[in-house]
Each structure stands twice: as C-alpha cells, then as structure tokens.
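Reviewing the structure listed below.
The values are calculated or read from the model by the stated rules, or taken from the named source; none is laboratory data. Note that the structure is predicted; figures quoted are calculated from it, not measured. Cβ placement follows ideal geometry from the backbone for every residue including glycine, while neighbour counts extend to all protein chains displayed.
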Amino acid sequence: MNDILLDVSGLSKHFGGILALNQVSFSLKKGSVTSLIGPNGAGKTTFINVVTGIHAPDSGEIHYQGEDLVGMEAHLVASKGIGRTFQLVELFGSLSVLENTMVGCHTNSRASMLSCGFALPAARKEERRIRDEAMASLMLVGLEKRAFDPISKLPLGERKLVGVARALSMKPKFLMLDEPVGGLAAHEIKNLVELIHQLVSKGLTILVVEHNMPFIMFLSEKVIVLNEGAKIAEGAPQEVRTNEKVIKAYLGEEV
Amino acid sequence: MNGTSGQKFLWLILITVIIAIPFVAGSYVVSVMSFVAIFGGLALGMGLLLEQAGMFSLAHPTWFGLGGYVSGILAVRGIAPPWLGTIFGAVFVGIISYLIGAPLLRLKGYYLACATFGLLLIVEITMGQLGTLTGGNEGLMGIPSFSVGPFVLETDVHYYYLSWVLCLGCLWFLHNLMDSRMGRAIKSFNDSEVAAKSMGINVPWYKLKVFILTAVMASMIGSVYTFYLRFMEPSILGFPLLVELVTMVIIGGGKTFYGPLLGSFVVMWLRELIHLSLGGFLPRMSAQVDALFFGIIIIVILIFMPGGLSGWMDRLLYLGRRTFGKAGE
C-alpha cells in the first residue's frame with residue numbers, strides 16, 4: 001500500500017455529449033515509469049488535466065500519497081509535487097528560456113510581491129538560488145547554452161525540452177509528460193530516455209503520454225491503453241502489444 | 001545578462017538629469033517635466049496591467065482620482081495633514097480596489113474592460129453628485145499645500161522633486177518586481193494561464209494583488225497631483241485621462257517596465273510642441289488638434305513598431321548584441 005503514489009478509481013469526465021474519461025481506474029507505483037497510450041481522442045490529455053486540477057472530474061477518486069486530489073485547485077496540486085509538460089508546449093513566450101525554467105521554481109520559493117519590489121536581501125538571495133536551480137534543470141536537458149534566448153528562437157524539439165526542464169524545476173515527486181518526443185531528433189530522444197531512467201532511479205514516478213511506440217516499448221515498465229475514454233488494457237509492454245482489443249482500437253475492426 | 005552594471009549606470013544618468021533640470025532649465029520646462037512624472041508614474045501601472053499582466057482594466061483614472069479626493073478632503077476639513085491623507089487615500093483605494101477587484105477580475109478581456117469602464121463613469125458621476133463632501137461638479141477648493149510637519153512645499157520646483165521621487169520610486173519598484181519570481185508569474189499567466197496554474201501559481205489571487213498594487217500606486221500619485229494643483233474635479237478622473245494613459249502606454253510600449261514613462265515624456269512634449277507651433281492660428285481647437293495628431297501617431301506606432309518605442313529599442317539592443325559579439329552572457 002505504501003509504495004503506491006497515485007491511485008485513481010472510477011474516474012469519469014464528460015465534455016458536452018462526449019465521454020472523455022469513462023470509469024478509469026489504475027494505480028502507479030513509486031519510482032516507476034508508466035505509459036498512457038491510445039488513439040487520438042482517447043482521453044489521455046484529459047486524464048492529465050483532471051489529475052492536475054485543470055478540470056474537475058464528474059465522478060471518481062484520485063488519491064495521491066493518501067491525499068484526495070478531487071476538487072483541489074490546480075496551483076495547490078502543483079504545490080504537492082505534481083509536475084507536467086504540455087502537448088502543445090505552453091511555454092511563456094514573453095520570457096527567455098532560463099526565465100521559463102525559473103517559473104518552475106515558483107512552488108519552492110517564498111518572496112512576496114512587496115519584498116520582490118523593494119528588492120529586500122532575502123528576495124535577492126532567493127532569486128540567485130532560483131537562477132542556479134533553473135540552470136541546473138536546463139543542464140539536465142542539455143539546453144544551458146540556450147538559457148538567454150527568447151523562446152521564439154527555438155525549434156519545437158528544444159521547446160519541448162524546455163517544458164521538461166521547467167517541470168523538473170518544480171522538484172516534482174510525480175511527473176507527467178504529455179507527448180514529449182514529438183518533434184525531437186533521434187539523439188534528443190535517446191538523451192530524454194536516459195534522463196527519464198536517471199530520474200526514476202532517484203525515486204521520481206513518471207507517467208508518459210505518447211504515440212511513439214518504440215520509445216514506449218523501450219521506456220516503460222507498464223503500459224495503460226485508453227480508448228474512447230475507457231481503459232481497455234493494462235500490463236507489460238509486450239503483453240499490451242499483442243492484446244486483441246488494443247490492436248482493434250488502433251487498426252479498427254475488420255468489416 | 002551583464003545588465004546590472006549597465007543598468008546602474010543608466011539609473012545614475014537618469015537621476016542626475018532629473019536632479020539637474022531645475023538648476024539649468026526655466027519654470028516652463030520644470031512644470032512640464034512635473035506632469036511627465038505624474039502621468040508617467042500613473043501610466044507605468046496601467047502598462048503593467050494592460051501589456052504584462054494582460055488585464056484590460058480601464059479604471060486607472062478612478063484610483064488616481066479617489067486618492068486625490070480622499071487626501072484632499074481630509075486636508076480641507078483639517079482631519080489629516082496632506083502626508084497622512086496620502087497614506088489614508090492609498091489604504092482607502094487599496095480596500096476599495098480589493099472589494100471591487102475580487103468579483104470583477106473573474107471577467108476577462110473586453111468584459112473586464114466594459115466593467116471597469118463602467119466603474120470609471122460611476123465614480124466620476126458620484127463625485128459630481130456628492131456636493132457637500134466633494135464640492136460637486138465645481139470641484140474641491142481650498143486644498144492646502146503639501147506639507148510634512150514644518151516643511152511646506154510651495155514652489156513648482158518642490159513639487160517637481162516630489163513628483164519625480166514618487167515616479168522614480170514606482171519605476172524602481174516595478175523594475176525589481178518584473179525581474180523577480182512575482183514578475184515572471186505575472187507575465188506567465190498572460191502567456192498561458194493553464195501552464196501558470198500548473199506551475200503552482202495562484203492566478204486569480206495574483207491578478208487581484210497586481211490590481212490592488214497598481215491602484216495604490218495610482219492613488220498616491222493622485223494625491224500628489226491634487227496638492228500640486230490644490231484643486232480636484234470629477235472630470236479629472238474621467239475618460240480624457242484614460243485615453244491619455246492608453247496613448248502613453250501604446251507610444252512608449254508596455255512590454256518593458258519603463259516604456260510608459262518614456263511614452264509620457266513623448267506625449268507631454270509633443271503636445272507642447274503642437275500648441276507652440278499651431279496655437280497661434282488655431283487657438284480654440286487645441287484639444288481637437290491634439291486628438292488628431294495623437295491618433296495619427298498611434299496608428300503609425302501600431303503599424304511600424306507594435307512594441308512601442310521601448311519595444312523597438314529593446315529589439316535594436318538585441319540585434320546589436322547578436323551582431324557585435326556575445327555581450328549577452
């Protein structure tokens with residue numbers, strides 16, 4: 001029981017007439033890598049949005065380290081150590097690469113609006129610490145040379161890595177990556193796999209939403225398959241790959 | 001960035017020039033520059049709201065006027081001396097902006113603009129109707145000079161320095177703020193609210209804090225303005241001031257912390273220039289001529305330098321750095 005980090009049961013969410021999540025239940029072990037896959041519109045991103053408090057679920061329970069996350073506001077969920085990246089990157093266009101990453105340090109810094117405005121010593125000291133931590137996150141993804149560039153100068157692959165660095169600056173215990181390798185070059189994918197293994201060995205729990213099958217097969221201990229909002233398979237990568245329901249969901253039924 | 005030593009140098013030059021102006025220039029320049037400081041300081045907060053936080057609040061003249069009215073009335077009635085009245089005004093505006101901001105800031109974009117514009121009109125009319133308290137539409141008369149204990153500010157030069165101390169104080173505060181975790185948070189929710197929330201930023205609460213902060217700044221500037229003119233009337237906190245502030249933000253550029261102050265400088269001196277050159281043969285049309293000129297300038301700026309003057313300068317700096325070596329690290 002104690003080695004379970006996240007436990008969801010009966011999670012449902014609908015948008016208008018569309019059931020984006022239908023009674024989804026599973027749990028994630030601490031320090032594991034799990035992949036969440038499924039065809040387009042299967043509810044993968046909705047799942048991340050519901051867990052992080054962006055959307056409230058219609059029904060179901062989300063237990064994270066024994067705490068109920070349902071109804072908790074997104075910024076409070078983030079402060080519990082749940083980090084994420086976005087499929088459409090969602091970087092802050094008016095900030096540089098380093099500043100984007102520094103925003104990730106928000107949950108572990110304290111300086112108030114007044115102490116920042118009056119540049120009190122404590123705020124300045126904290127600012128230096130944030131800068132160092134963000135730089136360290138950028139080094140993890142290999143983007144330290146890009147630190148002072150505006151986001152608009154980066155290709156899509158590097159933007160996704162900035163998203164990862166920004167999430168790592170949160171010092172998360174649980175990290176959700178939403179399609180992290182789309183747009184990445186082959187060597188960048190290899191580096192990302194290495195980074196993920198390294199993070200997991202330090203005790204981080206990771207959930208990856210992805211389409212890139214070789215990446216998933218190589219990376220994950222467990223694969224969960226969603227189709228039309230419902231979980232249709234869960235298991236080791238090899239088992240899932242030969243599961244008939246999964247093949248049908250991806251390839252369609254024979255007529 | 002290697003900006004810190006360069007920035008200190010720029011601050012030093014700015015402060016030196018501001019201190020020196022009354023010694024070398026005549027009373028005309030001093031009085032125009034006082035208004036550059038007052039409206040520039042006001043525009044700084046407006047630019048922060050509009051362009052950095054993405055909050056389309058149009059109630060800025062309201063906070064300016066309320067601050068002026070509260071401190072002015074307290075001084076006229078002998079309840080509080082001007083310096084204390086300024087603080088009371090700021091507290092009062094802080095509380096009112098909290099009470100109004102908490103429900104209004106749930107609105108976004110044009111809806112927030114409509115609601116805050118409504119607030120602006122309501123407060124302007126109310127000030128005109130509260131005859132005995134505010135002096136009604138004739139205005140509040142008999143306001144004493146600004147004073148702290150035995151020190152009374154009497155000449156234009158005194159108010160020039162007071163205005164600039166307040167304006168540069170606001171500029172310095174915003175400079176620090178926008179370069180801190182709070183400033184990054186403010187810019188982040190304008191760029192992507194979903195991502196900002198996911199980074200642990202309490203977006204509605206921060207919006208409210210920025211709203212109150214800029215309102216309090218506007219209120220203190222409004223108090224200084226009131227004691228400088230020793231007069232306050234409802235039309236001061238109405239639509240014309242709003243247009244003027246938006247003009248300053250657009251011309252100076254609100255994406256940088258200093259842009260609106262630059263905008264204020266340009267707007268104030270351009271107006272003087274227009275009046276000096278055209279005032280002779282169009283004496284009755286000055287307001288209309290102003291509007292025509294600034295309309296044209298805004299269109300030109302929006303087409304050719306959408307970031308305003310300061311955005312254009314920042315871009316030149318960036319290109320220069322890239323072309324002439326790597327000073328950026």
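Looking only at segment B:244-256, decide whether some residue is over 20 Å from B:MET178 (Cβ atoms), touching a helix residue (DSSP H, G or I) at 6+ places or on another chain (Cβ under 6 Å) and at pLDDT below 90. No. Checked against the criterion of being β-branched (Val, Ile, Thr), outside the structural domain of A:ILE232 (by TED's automatic domain parsing) and either farther than 30 Å from A:LEU251 by Cα or buried (at least 22 other Cβ atoms within 10 Å of the Cβ) (or both), segment A:127-136 contains one or more residues that satisfy it.
Out of the residues in segment B:180-194 that are more than 8 Å from chain A (Cβ to nearest Cβ) and touching a residue at least 40 places away in the same chain (Cβ under 8 Å), state the one that is farthest from B:TRP11 (Cα to Cα). I'd like the intermediate steps shown before the answer.
Taking segment B:180-194 and keeping what is more than 8 Å from chain A (Cβ to nearest Cβ), we get B:186, B:189, B:193.
Going one step further and asking which of them are touching a residue at least 40 places away in the same chain (Cβ under 8 Å), we end up with B:186, B:189.
Values: B:ILE186: 24, B:PHE189: 29 Å.
My answer is B:PHE189.
For segment A:145-185, residues that are within 12 Å of another protein chain (Cβ to nearest Cβ), surrounded by fewer than 16 Cβ atoms within 10 Å (Cβ to Cβ) and free of Cβ contacts under 8 Å to residues at least 60 places away in the same chain total 5.
Can you name the strands (runs of 3 or more DSSP E) wholly within segment A:27-144 that have at least 1 residues being free of Cβ contacts under 8 Å to residues at least 60 places away in the same chain and within 18 Å of the chain's Cα centre (by Cα)?
Working: elements: A:33-37, A:59-64, A:82-84.
Fully inside segment A:27-144 and qualifying: A:59-64.
For segment A:13-20, check the following and say yes or no: at least one residue is loosely packed, with under 15 Cβ neighbours inside 10 Å, under 27 Å from A:ARG241 (Cα atoms), touching a residue at least 60 places away in the same chain (Cβ under 8 Å) and in contact with a strand residue (DSSP E or B) (Cβ under 8 Å, 6 or more places away or on another chain). Looking through segment A:13-20, none of the residues is loosely packed, with under 15 Cβ neighbours inside 10 Å, under 27 Å from A:ARG241 (Cα atoms), touching a residue at least 60 places away in the same chain (Cβ under 8 Å) and in contact with a strand residue (DSSP E or B) (Cβ under 8 Å, 6 or more places away or on another chain).
Per-residue answers, yes or no, for (1) under 20 Å from the mean Cα position of the chain (by Cα); (2) at pLDDT 95 or above:
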position	(1), (2)
B:ALA195	no, yes
B:SER198	no, yes
B:ASN202	no, yes
B:PHE211	yes, yes
B:ALA218	yes, yes
B:SER223	yes, yes
B:GLU233	yes, no
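Answer with yes or no whether B:LEU105 is buried (at least 17 other Cβ atoms within 10 Å of the Cβ), at pLDDT below 95, hydrophobic (A, V, I, L, M, F, W, C) and closer than 30 Å to B:PHE189 by Cβ. Judged against the criteria, B:LEU105 is a match.
Can you confirm whether A:ILE206 is within 19 Å of A:VAL89 (Cα to Cα) and β-branched (Val, Ile, Thr)? Don't jump to the end; show me each part of the working.
Details: within 19 Å of A:VAL89 (Cα to Cα): yes; β-branched (Val, Ile, Thr): yes.
Yes; evaluated as a whole, the condition is true for this residue.
Can you confirm whether A:ALA185 is among the small types (Gly, Ala, Ser) and farther than 23 Å from A:LEU6 by Cα? Give the derivation first.
Details: among the small types (Gly, Ala, Ser): yes; farther than 23 Å from A:LEU6 by Cα: yes.
Yes, satisfied.
Do we find a residue being of a type in the set (A, V, I, L, M, F, W, C), more than 14 Å from chain A (Cβ to nearest Cβ) and either within 30 Å of A:CYS105 (Cβ to Cβ) or more than 23 Å from the chain's Cα centre (by Cα) (or both) anywhere in segment B:112-121? Among the residues of segment B:112-121, at least one is of a type in the set (A, V, I, L, M, F, W, C), more than 14 Å from chain A (Cβ to nearest Cβ) and either within 30 Å of A:CYS105 (Cβ to Cβ) or more than 23 Å from the chain's Cα centre (by Cα) (or both), which makes the answer yes. Annotation note: of B:PRO240, B:PRO204, the sole residue that is in contact (Cβ under 8 Å) with a residue 12 or more places away in the chain, of a type outside the set (Asp, Glu) and either within 14 Å of chain A (Cβ to nearest Cβ) or in a helix (DSSP H, G or I) (or both) is B:PRO204.
Residues in segment A:58-78 that are at the interface with chain B (Cβ under 10 Å from one of its Cβ atoms) and farther than 16 Å from A:LEU168 by Cβ: how many?
Taking segment A:58-78 and keeping what is at the interface with chain B (Cβ under 10 Å from one of its Cβ atoms), we get A:73-78.
With farther than 16 Å from A:LEU168 by Cβ added as a condition, the list becomes A:73-77.
Looking only at that region, the number is 5.
Condition (residue is more than 19 Å from A:GLU73 (Cα to Cα), surrounded by fewer than 21 Cβ atoms within 10 Å (Cβ to Cβ) and of a type in the set (A, V, I, L, M)) applied to segment B:180-201: is it met by at least one residue? No: segment B:180-201 contains no residue that is more than 19 Å from A:GLU73 (Cα to Cα), surrounded by fewer than 21 Cβ atoms within 10 Å (Cβ to Cβ) and of a type in the set (A, V, I, L, M).
The rows are residues; the columns are (1) among the acidic types (Asp, Glu); (2) surrounded by fewer than 24 Cβ atoms within 10 Å (Cβ to Cβ); (3) within 22 Å of B:ARG230 (Cα to Cα).
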residue: B:GLN7; (1), (2), (3): no, yes, no
residue: B:TYR28; (1), (2), (3): no, yes, yes
residue: B:SER57; (1), (2), (3): no, no, no
residue: B:PRO61; (1), (2), (3): no, no, yes
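So for segment B:9-25 (the condition being within 16 Å of the chain's Cα centre (by Cα) and buried (at least 17 other Cβ atoms within 10 Å of the Cβ)), does at least one residue qualify? Walk me through it before giving the result.
Filtering segment B:9-25 down to residues within 16 Å of the chain's Cα centre (by Cα) leaves none.
No, segment B:9-25 has no match at all.
The single condition from (1) farther than 19 Å from A:LEU21 by Cα; (2) more than 9 Å from chain B (Cβ to nearest Cβ); (3) surrounded by 23 or more Cβ atoms within 10 Å (Cβ to Cβ) that A:LEU91 fails is (2).
Within segment A:94-104, if we keep just the residues that are out of contact with any strand residue (DSSP E or B) (no Cβ under 9 Å at 6 or more places or on another chain) and more than 7 Å from chain B (Cβ to nearest Cβ), the residue that is surrounded by the fewest Cβ atoms within 10 Å (Cβ to Cβ) turns out to be A:LEU98.
Look at A:PHE118 and say whether it is within 14 Å of chain B (Cβ to nearest Cβ), among the aromatic types (Phe, Trp, Tyr) and in contact with a Phe, Trp or Tyr (Cβ under 9 Å, 6 or more places away or on another chain). Taking the combined requirement at face value, the residue satisfies it. With respect to B:LEU174, determine if the residue is facing chain A (nearest Cβ under 8 Å), touching a residue at least 40 places away in the same chain (Cβ under 8 Å) and part of a helix (DSSP H, G or I). For B:LEU174, the condition - facing chain A (nearest Cβ under 8 Å), touching a residue at least 40 places away in the same chain (Cβ under 8 Å) and part of a helix (DSSP H, G or I) - is met. What do you reckon, is B:PHE189 closer than 17 Å to B:LEU48 by Cβ, assigned to a helix (DSSP H, G or I) and more than 18 Å from the chain's Cα centre (by Cα)? So B:PHE189 passes the test. Looking at this structure, is B:VAL32 more than 10 Å from the chain's Cα centre (by Cα), β-branched (Val, Ile, Thr) and exposed (fewer than 15 other Cβ atoms within 10 Å of the Cβ)? So B:VAL32 fails the test.
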